[in-house]
Amino acid sequence: MFANLSKKLSKTLLKIRNYGRLTEKNIKETLNEIYINLLEADVALEVIKKIINKIKKKAIGIKINNSFTPGQEFIKLVKKNLIKIMDSSHKSINIATQPPAVILFTGLQGVGKTTSVVKLAYFLKKKYKKKIIVVSTDIYRPAAIQQLKILAKSVKIDYFKISQKNFPIEISKKVLHHAKINFYDIIIVDTAGRLHINNVMMEEIKNIHKILNPIETIFVIDAMTGQDSINSAKKFNEILPITGIFLTKADSDTRGGAVLSVKYIIKKPIKFIGTGEKINNIDIFSPEKIVSKILGMSSELAIIKNIQKKINLKKNKKLIQKLQNKNHLNLQDFVDQLEQIKQIGSQNINILLKKMKLNNIQHFTHPIMNIINIDNETIINIKTIMNSMTNLEKKNIDIINFSRKKRISSGSGVSILKINVIIKYYNQMKLITKKMKKNGNIHRIIKNIKNFLGKKFF
């Protein structure tokens, strides 16, 4: 999903990304392209107008963060407004009620309700360790009843057996009674697909709702059907109090307009998305992840998250303080940074540098890559020779002459040749740091990293 929209938006935003200045002209041109991109993705016209107007209003006279170009600030603004159009304070599933909590699924025929019922049951059982029973009131389609039974059994979820001779109202009463006397935490109810123009079927779902009094009424939308599904959801919501949306087939090759439109139009949050055919292919809806995917930033976010987990906050803050105070790095600082590089992984660091577009350190690329690719054996050798060095030598490696190297080599068992290589690496790092400070680049780089990884890491 979003492949075409992502491609087109990326192309549009690439033009403005590195603009040194935002003008009314280039803002207008970019917004016109975004308007067309969203229209082609089947986003509702009223939603597009809302997004464009919000961005336009904020973009004129935008306050530029020192770490970003005006174009980058504009992209942040696009991201923020796309998230806002889908976000909601009520996006989590609500099961906080006197057991059994009833979750009622409804929607059009063929949108994936039955599979979604079992996906949610499996998710809630796994996440909250709840005792759950599922039931179908779709007496009009025997295959739906059988499908629910088979899927529930495959993931060890209890299934309430029904007879096709029973009417949906009768099934609703029976399952509610059964769940109460058997101490179930949750009942999830599958219903027959229906059109909002079918008055008989709509009356039936109203009566089911009245008997079960569900805490959640989930409307299922097929991401491939676009605006038609949203219009149906709007009509259903006039008859039933829908509490949330379950979006199916989010893994399909679809334009994605329904995702961007549905919350704004029917004023109900997307709570879950189905991301594949398997029962565990279900995700809690995250506007941030969706927007990152649309803007082609999902892989970038995964890298950032991975790096954030591995950064040593205490050591990192100490190092940044030294750099900002213009103190040179000692051998222990060097080892600490090498160990963090190994933890994070050289591949992740390479991608990070490219993503951040730190052009101001491009002329240091070769020595930086040498340091990033230092192997574990060299790090072990540095630690070993440090044990044979005096405190003065550790603080000031420049005083280490040949006679000191001989003593250190004899005490550590590391050859003089390897000691020379270690000193060479250390001096390369020292030279890079010195040049960056001299050119005034160090503060800019630190600001870039802060904004990329988050201020708490520095």
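No lab work stands behind these numbers, since they all come straight from the coordinates. Being a predicted model, the structure only gives us computed values, none of them experimental. In this analysis, Cβ positions are derived from the backbone assuming ideal geometry, glycine residues included, and neighbour counts consider all displayed protein chains.
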* Once the other residues with Cβ under 15 Å from the Cβ of residue 32 are scored (Lys, Arg +1; Asp, Glu -1), what is the net sum? -> +3
* **Order of 151, 104 under a 10 Å beta carbon neighbour criterion, fewest first** => 151, 104
* Structure fact -> Placing each pseudo-label 7 Å from Cα in the direction of the beta carbon, residue 416 and residue 129 end up separated by a distance in nanometres of 6.5 nm
* Asked: Once phi is turned into θ = phi - 60°, what whole-Hz ³J(HN,Hα) does the Karplus curve with 6.51, -1.76 and 1.60 give for every residue of the stretch 267-276, x standing for Gly and Pro?
  -> 6, 10, x, 7, 9, 9, 10, x, 10, x
* Which residues' amide hydrogens lie under 5 Å from the amide hydrogen of residue 101, considering only partners 5 or more residues apart or on another chain, with H built in the peptide plane? -> 186, 187
* Asked: How much net charge surrounds residue 243 when only other residues with a Cβ under 14 Å from its Cβ are counted (Lys, Arg +1; Asp, Glu -1)?
  -> +4
* Arranged by the count of other C-beta atoms within 10 angstrom, fewest first, what order do 336, 228 take? -> 228, 336
* Would you calculate the separation in nanometres between label points at residue 228 and residue 28, each defined as 7 Å from the Cα along the Cα-to-beta-carbon direction? => 3.9 nm
* **Cut-off under 5 Å, modelled amide H: who pairs with residue 248 long-range** => 221, 222, 223, 274
* **Value of D in µm² per second that Stokes-Einstein yields for the stretch 101-286, Kirkwood Rh from Cα pairs, at 10 °C (1.306 mPa s)** => 97 µm²/s
* Once label points are set 7 Å from the Cα along Cα→Cβ at both residue 177 and residue 403, what is their separation, rounded to one decimal in nm? -> 10.1 nm
* Structure fact -> Residues 209, 178, 90 in order from fewest to most other beta-carbon atoms within 10 Å are 90, 178, 209
* Asked: Could you give the length gained on full extension between residue 430 and residue 36, defined as 0.36 nm per residue of separation minus the Cα-Cα distance, in nm?
  -> 136.8 nm
* Asked: Residue separation times 0.36 nm, minus the C-alpha to C-alpha distance between residue 161 and residue 394: what's the value?
  -> 76.3 nm
* Subtract the Cα-Cα distance of residue 149 and residue 284 from 0.36 nm times their separation in residues, and report this length gain in nm to one decimal. => 46.2 nm
